[in-house]
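The values are calculated or read from the model by the stated rules, or taken from the named source; none is laboratory data. What you are looking at is a predicted structure, and each value in this text was computed from that prediction instead of being measured. As a convention, Cβ positions derive from the backbone with ideal geometry for all residues, glycine included, and neighbour counts pool all protein chains shown. With ligands, DNA and RNA removed, areas are computed over all heavy atoms of the protein, side chains included. Shrake-Rupley method; radii C 1.70, N 1.55, O 1.52, S 1.80 Å.
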Amino acid sequence: MTKNIALIGFMGTGKSTVSHYLGKRMGLEEIEIDEMIVKAEGMPITDLFAKFGEAYFRDCESKAIQKLQDKKKAVISCGGGAVIREENVINLKKSSWIVLLDASPETILARVKDSTKRPILNGHMNVEYISGLMEKRRSLYERAADIKIVTDQKSVEAVCQEMLSMLSKLDGAES
Ligand code: S3P
């Protein structure tokens, strides 16, 4: 692969799981943008939101993404809101294929309903809210993505196989 793989998509679409699997299978460095932020700021994402608000978190997110421009042989798992700022997409595209993971609001709810680590969904753990926010973000996700994979009812192996076969065509065309 000539580029890194950057995974984008709504919370609960499987980015972290897929990233971990790909890292192991392809021998790629695994990078989680949220983890970079937690390390840099010395506190969990929920505390960052509570203390400094979403705009501050988004600044941290942009800074973390900016730092990755020279990375090679990495799989980068982005937070679900990383596409909100266009500069993030531009920076990711410099060295990565952008892969959108998608799933239905019902699948997403089932995957995230017990999580207390997602401030955006605090008090909104229902299909209506999730599908509303997904729709608001949909065009941003679709515009940023080089390829899209639906993850509902698929194993992580199946998702990765589908992804790698699509990416190898793109990658081959590029080099
Ligand atoms: C967010 C998604 C989260 C995290 C933060 C905001 C979002 O990441 O970055 O809570 O706005 O969709 P995950 O998609 O990994 O849950």
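Any idea which of Asp59, Asp70, Asp114, Asp47 is more than 14 Å from the ligand (Cβ to nearest atom), over 12 Å from the mean Cα position of the chain (by Cα) and of a type in the set (D, E, K, R)? Going through Asp59, Asp70, Asp114, Asp47 in turn, just one is more than 14 Å from the ligand (Cβ to nearest atom), over 12 Å from the mean Cα position of the chain (by Cα) and of a type in the set (D, E, K, R): Asp70.
Within the stretch 20-44, being open to solvent by less than 50 Å² (accessible area, probe 1.4 Å) and away from the ligand (no atom under 12 Å from the Cβ) holds for Leu22, Gly23, Leu28, Ile31, Met43. All of Thr17, Thr13 fail the test of being within 18 Å of Val159 (Cβ to Cβ), within 13 Å of the ligand (Cβ to nearest atom) and open to solvent by 20 Å² or more (accessible area, probe 1.4 Å), apart from Thr17. Only one of the listed residues (Leu167, Leu133, Leu68, Leu101) is in contact with a helix residue (DSSP H, G or I) (Cβ under 8 Å, 6 or more places away or on another chain), assigned to a helix (DSSP H, G or I) and at pLDDT 95 or above. That residue is Leu133. With the structure loaded, tell me whether Glu54 is modelled with pLDDT of 95 or more, open to solvent by 20 Å² or more (accessible area, probe 1.4 Å) and either among the acidic types (Asp, Glu) or within 12 Å of the ligand (Cβ to nearest atom) (or both) or whether it fails that test. Yes: the conditions hold for Glu54.
Taking the listed residues Thr116, Thr107, the one that is surrounded by fewer than 17 Cβ atoms within 10 Å (Cβ to Cβ) and of a type in the set (Val, Ile, Thr) is Thr116, with no other qualifying.
Of all residues in the stretch 77-95, those being within 13 Å of the ligand (Cβ to nearest atom) and more than 18 Å from Arg143 (Cβ to Cβ) number 1. Sub-9 Å Cβ pairs linking a first residue in the stretch 1-25 that is without any contact (Cβ under 8 Å) to a residue 60 or more places away in the chain to a second residue that is β-branched (Val, Ile, Thr) and open to solvent by 20 Å² or more (accessible area, probe 1.4 Å), at least 6 apart or interchain, are His20/Val156, ordered by first then second residue.
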